[in-house]
Amino acid sequence: MSIHPHHPSLWKASRGEERGLERILEHVASCAKCRARLARKRRRQEEDGSPLLGRSLGILARRQANLERERSEAPSLFGCLAALAPGQQLLLLNNSHRFRTWGLFELLIERGKEETFSDPRHAEQFLHLALRIADGLSPASYGRELIEDLRARTWGYIANARRCRKQLEASEEAFGEASSRLRRGTEDPLELALLFDLQASLRRAQHRIEESMRLSARAISIFRRLGQKHAEGRALVNASLVYMEREELNRAIRGLFQSLPLIDPGNEPRLVLCALHNLAITLEASGRLPETRRVHLQARLLYSRFPELKNHQLSLEGNIAGSMGRRDDAESALRQAIDGFLASDKPELAELVACDLSALRNHR
């Protein structure tokens, strides 16, 4: 939930009159601003003696304490789980109530999302473990609709992992499951926008470019309306890939420049690097070499944190060197990138760099 609940929402929820009480509880338990506001209201309530508000605030306080405890315990539980073989992991989840927590559910989803681009197969394993935990969560304790919301998010990330593995039909099936789960949940617009953003990537992979652009536009609009700056920045980076493929370089550059101040580097540093990397590529292709070099200097500070992107770095630096007339350095970097992509079983990327190398040689 992205909007901040106010008095009427809490009052209705306390009487069971508002759908999505669980979403309200989840938001307040995660939002320092709302917790501070409600703490002030609770102090006033103790003076005024309002029983309905007191009941709501009491529920929120207990939920907040439980959620904070589960989140603090989740890394240790995750470490125990990750050390086991897949079969042992399932056995542990089936037999130990200690692992059936909202905190571990959230953490597995986040780890699955993070691993999607470095190891999508492993990412999907984490995400399926999250679904197994969801099956064991008590609807009475956590809220049936909120569990369905996070199941929807999990299936969305499973779909994205399958897209990265080029399993496009299986990805489509996972998105169908995600949409179905969201309809059973609170239908939170933030979760819907997340699915739109992920689906836009699938449509791009399917060469359904117009649909991809429409989905990105819808996601960006919702994120902007809800004040979700980081998510809006991510969606802008995603949308820029379509413009890069269509060689609409000015639109790609504009979107990437817009994305950078929105992205929270502490939350997702890899996304910052992707935005800078793509911006440098697009600026170089547009012949804007001074800007390319400035952006590249920013990106170089991050590349060492993501060794899986080393071949992308070599490709970019080869093209920059070529634009600067350093042809020997350019050819060396491009050849290393080609060899690296082939060694990591990414022949399509090796082919793209080979085209750059061919163009460099033709201009000798």
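Observations
- A Cα-only calculation for segment 260-364 places Rg and Dmax at 13.7, 44 Å.
- Hydrodynamic analysis of segment 173-285 uses the Kirkwood radius over alpha carbon pairs. Inserted into Stokes-Einstein at 20 °C and 1.002 mPa s, it gives a translational diffusion coefficient of 150 µm²/s.
- Working note: Cα atoms of segment 306-364, range along each principal axis, descending, whole Å: 30, 21, 12.
- Linear extension gain, residue 250 paired with residue 224, 0.36 nm per residue minus alpha-carbon span: 7.2 nm
- Within segment 218-326, the GluC sites (Glu not before Pro) that combine a DSSP coil assignment with at most 12 other C-beta atoms in a 10 angstrom radius are 247.
- Stretching residue 344 away from residue 68 to a fully extended chain increases their span by 95.3 nm, per 0.36 nm per residue minus the current alpha-carbon distance.
- Links that overshoot a 21 Å alpha carbon limit, given the list 229/310; 166/229; 113/229: 229/310; 166/229
- Positive-end extreme of charge dipole, segment 223-364 - chosen from 332, 283, 357 (charges on Cβ): 283
- Mean Cβ neighbour count within 10 Å, used as a protection proxy, ranking 233-241, 119-127 highest first: 233-241, 119-127
Bear in mind that the values in this text are calculations on the coordinates, not laboratory data. Just so we're clear, the structure is a prediction, and the values are computed from it rather than from any experiment. Cβ coordinates were reconstructed from backbone atoms using ideal geometry, including for glycine residues, and neighbour counts include every protein chain displayed.
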